[in-house]
1. Under the rule a/c < 1.5 gives rounded, and otherwise a/b versus b/c splits prolate from oblate, where does the range 72-141 land using the Cα gyration tensor?
2. Would you mind counting up the charge near residue 113? Only other residues with Cβ under 12 Å from its Cβ, with Lys and Arg at +1 and Asp and Glu at -1.
3. Using only the alpha-carbon atoms, how far is helix 157-168 inclined from the longest principal axis of the chain? Give it as 0 to 90 degrees, nearest 10.
4. Given charges of +1 on the Cβ of Lys and Arg and -1 on the Cβ of Asp and Glu, with all other atoms neutral, how large is the dipole of the chain about its Cα centre, in debye to the nearest 20?
5. Which of 96, 69, 41 ends up with the largest GNM mean-square fluctuation for the chain, with Cα atoms connected below 10 Å?
6. With contacts defined as alpha carbon pairs under 8 Å and 6 or more residues apart, what's the relative contact order of the chain in percent?
7. In deg cm²/dmol and to the nearest 500, what is the mean residue ellipticity at 222 nm of the chain if only DSSP H runs of at least 4 residues count, each as -39500 (n - 2.57), divided by the residue total?
8. Based on DSSP, what percent of beta bridges with both residues in the range 26-168 are antiparallel, to the nearest 5?
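Quick note: the coordinates plus some simple rules give every number you see, no bench work behind them. As the structure is a computational prediction, the values presented were derived from the model and not from experiment. Virtual Cβ from ideal backbone geometry, glycine too; neighbours counted across all protein chains shown.
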Amino acid sequence: MTSPRVRSRQDLRRERRRRSHSCWNHLIAAPLWPLHGANLGTLLRTCDAVGACLAVPRLPWVPEALARGNTLRRPACVHWVGHDVRGWLVAQRAAGSAIVGVELADEAIRLGDLTAARRRTVAVLGHEQTGIPPEALDLLDLAVEIPMTGTGASLNVAVAGSLVLYRLAGLL
């Protein structure tokens, strides 16, 4: 039996899918009600890893949180959402995007049953304490639940978003 070969950074770069990253991207992570800045930086890194964009609200502390959390030389694509989050979601839906929410809901499918996105998809991530607000829940085309066996009711936004993004990107 041979030991596994560890790939170098050069090997990894050569093997990656070649793509130009631009705003036409088919996958957008949308933590529209963020609570902790550190989670935004982590989610930005995941967006780069899966080839997604990040949509964030125009809150005064968000640009600094993204800059502090960004460990990449070249930042991932960021969309800025105004104060009318519901209006932004309505516009995304009207433009043909699927709206997928990560939420504990009766109609939610399990993460393991989520398939890769076949069209432009917005992955909506709720507030870490209260989830997706009721006024946005009615805009979801699909709710996804991340099963948990521990005592907690949910994961933080960065972890939940990363799991869902990897599934939607077809990488898990």
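1. Rounded shape, in that the Cα axes give a/c under 1.5.
2. Here the charged neighbours net out to +1.
3. 70
4. 1360
5. 96
6. RCO, the chain: 27 percent.
7. -9000 deg cm²/dmol
8. In the range 26-168, approximately 5 percent of DSSP beta bridges are antiparallel ones.
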